[in-house]
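The structure under discussion appears below in the form of structure tokens.
Rule-based calculations on the coordinates, nothing more; no lab input. Treat the numbers as computed from the prediction; the structure is a model and nothing was measured. Because the Cβ atoms are built from the backbone with ideal geometry, glycine has one as well, and the counts that use them run over all protein chains shown.
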Amino acid sequence: MLTILNFIQQVLSTPAIFVGLIALLGLLLQKKDAQTCFKGTIKTILGFIVLNAGADVVQDAIIPFGELFQSAFGVEGVVPNNEAITSLGLTDYAVQTASIFALGMCFNLVLARFSKLKYIFLTGHHALYMSCLVAILMSIAGLQGPALIFTGALLMGLVMAVFPALMQPTMRKVIGDDCLALGHFGSGCYWLSAQIGKLFGRDEKTTTTEDIRFPQGLSFLRENTISIALAMFLCYIVVSGVAVFTSPEAAAEIFAGDNWVLYSIIKSITFSAGIYIVLSGVRMLINEVVPAFKGISEKLVPNAKPALDCPTVFPFAPNAVLIGFFCSFVGGIVALAVLALMGQAGIAVAIILPGAVLHFFCGATAGVCGNATGGLKGCVTGAFVHGIVATFLAAGLYPILGAMGFANTTFSDTDFTLVGIVLGNLIKVVTGNTLMVIVVILFLLPIIYNYTIGRGK
């Protein structure tokens, strides 16, 4: 039984395979021929693999930037990292996490079928991270065995439907239609960025990130790959140069024998190449998933929408991706300074360092959302606020996880921190079966609403 459970967990936590199976199901429900089913499934898997490969390239290029920043300016603290905290949690909560993960997917489908939350969360690795967080918190709340798994899975099914629903009005503005949803647990700040963008407004006269005009002599910068590489080079060369003079030993270890100027050139171009690969994978994925998902929508879950990973929005505003990253990173630096001042004033608070991966993927998405509602001003302001809010939320979650024995790391993306803070404080006053009853009621509310007040709407 455990072997079967592990196999199911591995299939569901492998985004390429899981989404490929979803695409296959959709094509079969449409009664497509074997050739079409095979081609559609393989191209869907290929799209996800290309997307993930690009994301890996981006991470390999951006992580050293964060390390150099810390060395250059001599800052110490906690770098939020979902993978790190999840790997620690799985040491003691592997079975609970896998069970909540698999059953949570099923409850997500139940909500999509019987409520107005028509969103099927397909970002498997994020669902796994959230399942681990929920498993830990449910255990602390005094739940064990089947009760823990059942309650945690209900909560997972709920958050997997609620957060994409929160983002759908913004997604319509980003992509121009209603065929896709956002399945990424940074939705709280993406939504906030979009609301900030609305303060500036957007119409035909609004300057967007994609309207940026370069002088004729700099027309080569209109090519996104070139402009991204150049912008990253400027950042790398400044931070690397400071690190060489302030912390030469640490910098030399990061450079691994390479000249620091050459290192900056290669990493910046690698970063741009990673973005290019990500965008290619996203386009391929969308071209296959959306038509295949029509079968699921028509046969199993009427009007269902696939909720996909955050790079899905990158092709719709490539300039906003880079601007969002920079502005979010600056926001993280500002928040770091505030936290440091609070610590010097005697306030017990975790010092959260700007995580380059967090600020790139989530900051970029926040920038795209802010741009969709408020143009360039919305992108800059929304992403900047994201950097500040994400940092403070990570600092707020750190004491809760620290009390559970997880030191020196924490979750990064805002939905993890929001759920962790809310649930972590709730279980201080509500535990055991009482908590399970509350979660059951929360899960049933969207279904009850659909068949009562919401009927016909």
Simple label model, 7 Å out from Cα along Cβ direction - ALA252 to ILE438, nm: 5.6
At a Förster radius of 56 Å, what calculated FRET efficiency corresponds to the Cβ-Cβ distance of HIS125 and LEU341, to the nearest 0.05? 0.95
With a 10 Å Cβ neighbour count serving as the proxy for reagent exposure, in which order, fewest first, do SER187, SER99, SER227 appear? SER227, SER99, SER187
What dipole magnitude, in Debye to the nearest 20, does region 160-317 give about its Cα centre under +1 on Lys/Arg Cβ and -1 on Asp/Glu Cβ? 460
Say each of GLN59 and ASN287 gets a label point 7 Å from the Cα, pointing the same way as Cα to Cβ; how far apart are those two points in nm? 2.7
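For the chain, what is the mean residue ellipticity at 222 nm derived from helices alone (per DSSP H run of n ≥ 4: -39500 (n - 2.57); sum divided by total residues; nearest 500 deg cm²/dmol)?
Values: 14 runs with 340 residues, N = 457.
-26500 deg cm²/dmol, from helical runs alone.
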In percent, how large is the relative contact order of the chain, given Cα pairs closer than 8 Å and 6 or more residues apart? 27
Extension length gain for VAL430 and ILE266 (0.36 nm per residue less Cα distance), in nm, is 53.8 nm
Mind pulling up the Rg/Rh value for the chain? Radius of gyration and Kirkwood radius, both on Cα. 0.97
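Once R0 is set to 45 Å, what does the formula 1/(1 + (r/R0)^6) return for the Cβ-Cβ distance between ASN259 and SER87, expressed as a FRET efficiency to the nearest 0.05?
Working from the Cβ atoms, E equals 0.85.
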For the chain, which DSSP H helices look membrane-span-like by this rule: Cα extent along the axis of 30 Å or more and mean Kyte-Doolittle of at least 1.0? 145-175, 224-246, 318-344, 356-403
Stretched out fully, how many nm does the piece from LEU199 to PHE7 gain, at 0.36 nm a residue minus the Cα gap? 64.3 nm
Would you be so kind as to identify which of VAL334, ILE17, VAL57 lies farthest towards the positive end of the dipole of the chain, taking Lys and Arg as +1 and Asp and Glu as -1 on Cβ and the Cα centre as origin? ILE17
For the chain, size of Cβ-based charge dipole, Lys and Arg +1, Asp and Glu -1, in debye: 1700
Can you tell me which of 150-160, 248-258 comes out highest on packing, and rank the rest after it, using the mean Cβ neighbours within 10 Å? 150-160, 248-258
Please report the spacing between the Cα centers of region 95-145 and region 285-331 in Å, no decimals. 21
Computed FRET efficiency, Cβ-Cβ of LEU300 and ILE453, R0 25 Å: what is it to the nearest 0.05? 0.50
Cα-projected label distance for GLN144 with ILE212, points at 7 Å along beta-carbon direction, nm: 5.7
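When you count, for each residue, the other Cβ atoms within 10 Å and take the mean per peptide, how do 419-430, 366-377, 269-280, 36-47 rank with the highest first?
Order by mean packing, descending: 366-377, 269-280, 36-47, 419-430.
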